[in-house]
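Below is one structure, written out as structure tokens; comments come after it.
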Amino acid sequence: MIQFQVEGMSCGHCVGAITRAVQALDPAARVSADIAAQAVTVEAAASNDALREAIEAAGYPVKSAA
């Protein structure tokens, strides 16, 4: 499980776009988001780098990962 700090996430549409991007990479991935904290938590088999790239490709810059 990894948590990303994501910029520009402001609504349910944003969460859906990020979720779709991650699940395109790993259909079994579990994604949860906290819009107020600008945080996305992902549990997936894909590498952290691949997850970061998928989120950024969806248009949401990743500030950090923990």
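The values are calculated or read from the model by the stated rules, or taken from the named source; none is laboratory data. No experiment lies behind these values; they were computed from the predicted model shown. Every residue, glycine among them, receives a Cβ derived from its backbone with ideal geometry; neighbour counts consider all protein chains shown.
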Inside the stretch 1-48, can you point out the residues that are of a type in the set (S, T, N, Q) and at negative phi?
Gln3, Gln5, Ser10, Thr19, Gln23, Ser32, Thr41, Ser47, Asn48
Hits in the stretch 25-36 - residues which are closer than 17 Å to Val6 by Cα, without any contact (Cβ under 8 Å) to a residue 24 or more places away in the chain and of a type outside the set (Asp, Glu)
Arg30, Val31, Ser32, Ala36
Examine the stretch 45-52 for a residue that is in contact with a Ser or Thr (Cβ under 6 Å, 6 or more places away or on another chain) and touching a residue at least 24 places away in the same chain (Cβ under 8 Å), and state whether such a residue exists.
no
By residue number, the members of the stretch 23-61 that are within 19 Å of Gly8 (Cα to Cα), touching an Asp or Glu at 6+ places or on another chain (Cβ under 7 Å) and surrounded by fewer than 16 Cβ atoms within 10 Å (Cβ to Cβ) are Pro61
From Ala17, Ala28, which residue is at pLDDT 95 or above and in contact with a Phe, Trp or Tyr (Cβ under 8 Å, 6 or more places away or on another chain)?
Ala17
